[in-house]
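In what follows, a single structure is set out as structure tokens and then discussed.
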Amino acid sequence: LTILGIESSCDDSAAAVVRRTEGRATVLSSVVRGQTALHAQFGGVVPEIAARAHAEVLDHCVEAALGEAGLALSDLDGIAVTAGPGLIGGVLSGVMLAKGLSAATGLPLIGVNHLAGHALTPRLTDGFCFPYLMLLVSGGHCQFLVVEGEDRFRRLGGTIDDAPGEAFDKTARLLGLPQPGGPAVEIEARQGDADRIALPRPLLDRPGCDMSFSGLKTALLRARDAEMAAAGGLTRAARADLAAAFQKAVVEILREKTRRALALYLEMSPDRPAFAVAGGVAANGPIRAALTALCAEAGVEFAAPPLALCTDNAAMIAHAGLARLAAGEADGLDLSARPRWPLDGEAAPMIGSGR
Ligand code: ATP
Ligand code: FE
């Protein structure tokens, strides 16, 4: 089975071709066109600009993905597309393109949940078996999921406010470091003393796996202002110490909450316990190191998919669509785009339903 995937839920336009032979899926091509430069001057993703950019480049992404795979539309068995959750204008751009391609070719159309795409990736990259524990941690998300089946997810907890990636980006802005903030803060933190400035670890002593990062952001702002008032400006040393203190707080929160999530997951007594982390923040060295150590202690297999498949991409969408395609399922041309679409709950109102 060969399937095309299309992704446009945030600020990356992407298309990919994935093929499954004898139960094993292989990525034949994966094209991602980011929009970072388009949004840079606004300090965040502007939904209208994102939607327009997706509409402009998505068909080129599809052409490039087919070209790299050396295939034509007629070689495909189906078309998978992110149908949510995400910025609705962008999701609609992808859904409309996929509907057009499906109507023109007669190929089955499969709407995929973007979060399911992320959550199922360790099966593609590391051959994970159900059930496994997943921490999805990015600019827009932070949640623990037990992945029990292609379409069965149990959410153990997650952030009650901001995502860590957003907090890294905000920290970088406060410290005068470039965007995206994560890599810049990580590099800056290497020069700093993580213990000189005390920052809070919100919700750390509460039971459960829920997390909070907005209080940490505010505390960092106050600490920066105090440092600046004391020295008449932000010194090099203070900037590094603040970055290090912030990163240490995030590492500790993620480590402790992962420890609790692992305990809950292990109660399900999986045959081959496994944990994976995905999302842009999973690129962070100290975070990966902390989670690797935790899993080693608990005797749990640990995986972090390669970064290109960890951040937004269409290969994960194609891969997630394969199971439904193989089962002979498909959506009609009335497939809706959903701005909200929790993996384990009631589906929220749909937009763009009907023809
Ligand atoms: P989502 O996929 O949830 O809709 P997104 O597109 O922002 O959101 P990703 O592309 O997966 O998510 O990740 C981007 C985020 O990852 C940014 O906030 C960025 O700062 C963060 N990030 C990238 N590298 C690092 C790093 N080395 N350390 C910490 N954070 C990082
Ligand atoms: Fe994503």
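The values are calculated or read from the model by the stated rules, or taken from the named source; none is laboratory data. Values in this document were obtained by computation on a predicted structure and should not be read as measured data. When we count neighbours, we look across all protein chains shown, and the Cβ atoms used for this are built from the backbone with ideal geometry, even at glycine.
Criterion applied to Val46, Val112 was being among the β-branched types (Val, Ile, Thr) and surrounded by fewer than 24 Cβ atoms within 10 Å (Cβ to Cβ), and the one residue passing it is Val46.
If you check Ala219 against the conditions, is it more than 24 Å from Arg190 (Cα to Cα) and of a type in the set (Gly, Ala, Ser)? No; evaluated as a whole, the condition is false for this residue.
Filtering Gly89, Gly117 for residues that are under 17 Å from Arg338 (Cβ atoms), touching a residue at least 12 places away in the same chain (Cβ under 8 Å), surrounded by fewer than 22 Cβ atoms within 10 Å (Cβ to Cβ) and of a type outside the set (A, V, I, L, M) leaves a single hit, Gly89.
Okay, residues lined up against (1) surrounded by 13 or more Cβ atoms within 10 Å (Cβ to Cβ); (2) touching a helix residue (DSSP H, G or I) at 6+ places or on another chain (Cβ under 9 Å):
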| residue | (1), (2) |
| --- | --- |
| Arg206 | no, no |
| Lys217 | yes, yes |
| Arg236 | no, no |
| Ala263 | no, yes |
| Asp271 | no, no |
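For segment 119-128, the criterion of a residue being within 30 Å of Cys295 (Cβ to Cβ), away from ligand 2 (no atom under 16 Å from the Cβ) and in contact with a helix residue (DSSP H, G or I) (Cβ under 7 Å, 6 or more places away or on another chain) is satisfied by at least one position. Can you tell me how many residues within segment 178-193 are farther than 12 Å from Asn284 by Cβ, surrounded by 20 or more Cβ atoms within 10 Å (Cβ to Cβ) and not acidic (Asp, Glu)? Residues meeting the conditions: 1. Filtered by the rule that a residue be in contact with a helix residue (DSSP H, G or I) (Cβ under 9 Å, 6 or more places away or on another chain) and at pLDDT below 95, segment 310-328 gives Cys310, Thr311, Asp312, Ala323.
Within segment 32-44, does at least one residue satisfy the condition of being farther than 16 Å from Gly140 by Cα and modelled with pLDDT of 95 or more? Within segment 32-44, one or more residues are farther than 16 Å from Gly140 by Cα and modelled with pLDDT of 95 or more. Scanning segment 181-214 for residues that are of a type in the set (Gly, Ala, Ser) and touching a strand residue (DSSP E or B) at 6+ places or on another chain (Cβ under 6 Å) gives a single hit, Gly208.
Give me the residue from segment 249-280 that is within 16 Å of ligand 2 (Cβ to nearest atom) and modelled with pLDDT of 95 or more and, out of that set, nearest to the chain's Cα centre (by Cα). Lay out the reasoning, then the answer.
Step one: list which residues in segment 249-280 are within 16 Å of ligand 2 (Cβ to nearest atom), which gives 276-280.
Those still in the list that are modelled with pLDDT of 95 or more too: 276-277.
Numbers: Ala276: 12, Val277: 10 Å.
Applying the filter and picking the extreme gives Val277.
Of all residues in segment 79-103, those satisfying the criterion of being at negative phi and of a type outside the set (A, V, I, L, M) are Thr82, Pro85, Gly89, Gly90, Ser93, Gly94, Lys99, Gly100, Ser102. Per the conditions (1) buried (at least 19 other Cβ atoms within 10 Å of the Cβ); (2) assigned to a helix (DSSP H, G or I); (3) near ligand 1 (Cβ under 9 Å from one of its atoms), the sole criterion not satisfied by Asp312 is (2). One residue stands out in segment 295-309 among those that are small (Gly, Ala, Ser) and either buried (at least 21 other Cβ atoms within 10 Å of the Cβ) or over 12 Å from the mean Cα position of the chain (by Cα) (or both): the one that is nearest to ligand 1 (Cβ to nearest atom), namely Ala304. Restricting Asp162, Asp151 to residues that are away from ligand 1 (no atom under 16 Å from the Cβ) and either of a type in the set (Phe, Trp, Tyr) or surrounded by fewer than 22 Cβ atoms within 10 Å (Cβ to Cβ) (or both) narrows the list to Asp151. Here is a list: Ala50, Ala15. Which entry is modelled with pLDDT under 90, in contact with a helix residue (DSSP H, G or I) (Cβ under 6 Å, 6 or more places away or on another chain), within 16 Å of Val91 (Cβ to Cβ) and not β-branched (Val, Ile, Thr)? None of the others qualify; the one that does is Ala50. Within segment 243-265, the residues that satisfy the criterion of being among the aliphatic types (A, V, I, L, M) and farther than 15 Å from Leu135 by Cα are Ala243, Ala244, Ala245, Ala249. A search for C-beta distances below 9 Å between a residue of segment 298-310 that is farther than 15 Å from Tyr132 by Cβ and in contact (Cβ under 8 Å) with a residue 24 or more places away in the chain and any residue that is within 11 Å of ligand 1 (Cβ to nearest atom) and part of a helix (DSSP H, G or I), counting only pairs 6+ apart in sequence or on different chains, returns Leu307/Gly280; Leu307/Ala282; Leu307/Ala283; Leu309/Met316; Cys310/His118; Cys310/Gly280; Cys310/Ala282; Cys310/Ala283. In this entry, Leu135 is excluded by the filter for residues that are more than 11 Å from ligand 1 (Cβ to nearest atom), of a type in the set (A, V, I, L, M) and either in contact with a His (Cβ under 9 Å, 6 or more places away or on another chain) or more than 23 Å from Asn313 (Cα to Cα) (or both).
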